[in-house]
């Protein structure tokens, strides 16, 4: 299926995708998250984030080749990253509970460091995967999407 989609629009390059992530992060900071969130709620229906919209790249549903739906984008951009952060959040909560009780044990510190390491490893693996042959991140595999560069059409 990917070969068929590449004839319509080539896959977005890793640099292009990382650029869109950087633009999204910048817009999120500049607008205190509010402007980015409102813009995202609008552009998700087109298979884009604000950064992808500005850089003319789009998320497609891999099986159909059509733009990802709003729900698919919500899962891809929100639910999957939040789910990946759960182990870190739990360890952080345990650690902070220990600190608030002024009795942090070495096990809670170790648990926090292990979860931070796992979370960072997940992000590193996710970024590294876009440099592979299919140029897909973990969220692309989990949500059944690909990202194409519409600027080169």
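No value in this document is a laboratory result; all are computed from the given coordinates. These figures come from a predicted structure and were not determined experimentally. Positions of Cβ are generated from backbone atoms using ideal geometry, with glycine treated the same way; all protein chains shown enter the neighbour counts.
Shape verdict for region 11-57, please, from the Cα gyration tensor: rounded (a/c under 1.5), prolate (a/b greater than b/c) or oblate.
Cα axes put region 11-57 in the oblate bin.
Specify whether the C-alpha gyration tensor of region 64-116 places it in the rounded, prolate or oblate class, a ≥ b ≥ c being the square roots of the eigenvalues: rounded for a/c under 1.5, otherwise prolate if a/b is larger than b/c and oblate if not.
Cα axes put region 64-116 in the prolate bin.
Quick one, which of [x] 60, 33, 25; [y] 39, 33, 30; [z] 86, 23, 23 is the actual Cα extents along the principal axes in Å calculated for this model?
Computed from these coordinates, Cα extents along the principal axes in Å corresponds to label [x].
Compute the acute angle (0 to 90°) between the alpha-carbon long axis of helix 34-43 and the principal axis of greatest extent of the alpha-carbon atoms of the chain; round to the nearest 10°.
40
Taking Cα centroids, how far is region 104-143 from region 1-80 in Å?
Each part reduced to its Cα centre gives a spacing of 21 Å.
Can you give the angle from 0 to 90° between the axis of helix 106-129 and the longest principal axis of the chain, with both taken from C-alpha atoms, to the nearest 10?
10
How far apart, in nm, are two points set 7 Å out from the Cα along the Cα-to-Cβ line at residue 118 and at residue 90?
0.7
Multiply the residue gap between residue 107 and residue 34 by 0.36 nm, knock off their C-alpha separation, and tell me the result in nm, one decimal place.
Answer, rounded to one decimal: 22.5 nm.
Full extension from residue 18 to residue 127: what is 0.36 nm times the residue separation minus their Cα-Cα distance, to one decimal in nm?
My answer for the length gained is 38.4 nm.
Can you give the angle from 0 to 90° between the axis of helix 80-100 and the longest principal axis of the chain, with both taken from C-alpha atoms, to the nearest 10?
The two axes meet at around 20 degrees.
Do the sum for the chain: with -39,500 (n - 2.57) for every DSSP H run of n ≥ 4, divided by all residues, what is the mean residue ellipticity at 222 nm, to the nearest 500 deg cm²/dmol?
My calculation for the chain gives -19500 deg cm²/dmol from helical runs alone.
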